[in-house]
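The values are calculated or read from the model by the stated rules, or taken from the named source; none is laboratory data. Quantities reported herein were computed from a predicted structural model and do not represent experimental measurements. Because the Cβ atoms are built from the backbone with ideal geometry, glycine has one as well, and the counts that use them run over all protein chains shown.
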Amino acid sequence: MEQIPVITNAKQYKVFLGSHILEELLPFIKQEIDEYTKIFILTDETVGPLHLEKLMQALKGEDIVVYTVPSGEKAKTFDVYYNCLTFALENKLDRKSLLLAFGGGAVGDLGGFVAATFLRGIRFIQIPTTILAHDSAVGGKVAINHPLGKNMIGAFYQPEAVFYDLSFINTLPKREVRSGFAEVIKHALIHDEAFYRQLQTEVPSFEFLTGNTLLHALKKGIEVKSKIVKKDEKELGIRAYLNFGHTLGHAIEAEAGYGVMAHGEAVLIGMLFALKLSKDKLGLSFNEKELIEWVGQLGYETSINKQFSPEKLLQRMLQDKKTIGQEVRFVLLKEIGKPVVVTINHDDLLMHLKQFS
């Protein structure tokens, strides 16, 4: 089992990473969580039937309540959030209650926001079950969506720990593997060219993303994020680099309708677009064709679907939470591992979107 420290101004905690580590969860709770009462498990319609019994066995003897939400982005709505709070109140949870967010990135985002706001904040632990959640479960950004934008209503709220049991990943469908691995690629591109080259070599197809290869990729991605969050917990500076590919990616997700396109698949297209902008604006020297061939081989789309008009995507980007003063801010790369934030003129951005579509 790997233990990766996450250090922020608000809290220090660990990511426990490895196979079959749920047996360590209850001893951790008993030792580290002071005077807890009920345990509130928040899971979804996909993860619950597959893995909830395993988690319940690991917590045998505890006072537990379980609430199940829709899978994916459908969980991150006002209505579902409200229903979670109602369930917590009806089951008489109190300030000593402990929430376990058990699922993928959407459950982690929702569960963290419920924990942050119920009774002005209760403790919670992230128990991610997807590759994508190696990114979303770490760093304390929790949120729900608004029809006008993704993750528009949320908070910075750190968990007590992250228990990342890789045995859950064996049940992931290929689409979810693709979605999560895009965030691993992102971490490599913004931080470490050697890591990027290693991924290309070791993962020519997802059949190779197992065992030590998977463990190393997730550990490295978590370490990259942890280093950035340590310096900038609340995205006042360099944490914005973690949004590489997300400005256009979120616009594509919103335009398609949340849950229609997998988050990582949309972000991958956003990264390819950002790399094109980086070459044009910053003179990035990068073998773009090599990347496109590799990710295409992995099953990713590498261009914007013709159904999404550049004009509508631009309007979505103007509504993005990272936009300031109606100026679209993009994370670009001067070199692999050297990101910067650049403001792009509307007309210029629209021209590049039309060329990319």
* Structure fact -> Heads up, the helices (runs of 4 or more DSSP H) in region 188-278 (entirely inside) with at least 3 residues that are without any contact (Cβ under 8 Å) to a residue 40 or more places away in the chain and within 17 Å of the chain's Cα centre (by Cα) are 211-231
* Asked: Say we look at region 47-74 and pick out the residues that are under 17 Å from LEU166 (Cα atoms) and touching a residue at least 12 places away in the same chain (Cβ under 8 Å); which of these is farthest from the chain's Cα centre (by Cα)?
  -> ALA58
* Would you tally the residues in region 294-308 being without any contact (Cβ under 8 Å) to a residue 40 or more places away in the chain and either over 13 Å from ILE269 (Cα atoms) or among the hydroxyl-bearing types (Ser, Thr, Tyr) (or both)? => 2
* Asked: Could you say whether any residue in region 138-148 is in a helix (DSSP H, G or I) and in contact with a Phe, Trp or Tyr (Cβ under 7 Å, 6 or more places away or on another chain)?
  -> no
* **The listed residue being at pLDDT 95 or above, crowded, with 18+ Cβ neighbours inside 10 Å, within 24 Å of ASP135 (Cβ to Cβ) and touching a Ser or Thr at 6+ places or on another chain (Cβ under 9 Å), out of THR77, THR46** => THR46
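Tell me the residue from GLY154, GLY149, GLY180 that is assigned by TED's automatic domain parsing to the domain that holds LEU52 and modelled with pLDDT of 95 or more, please.
On the way: GLY149 fails: modelled with pLDDT of 95 or more; GLY180 fails: assigned by TED's automatic domain parsing to the domain that holds LEU52.
Going through GLY154, GLY149, GLY180 in turn, the sole match is GLY154.
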* To do: Go through region 332-354 residue by residue and tally those that are in a helix (DSSP H, G or I), free of Cβ contacts under 8 Å to residues at least 40 places away in the same chain and either β-branched (Val, Ile, Thr) or closer than 13 Å to ASP280 by Cα (or both).
  => 3
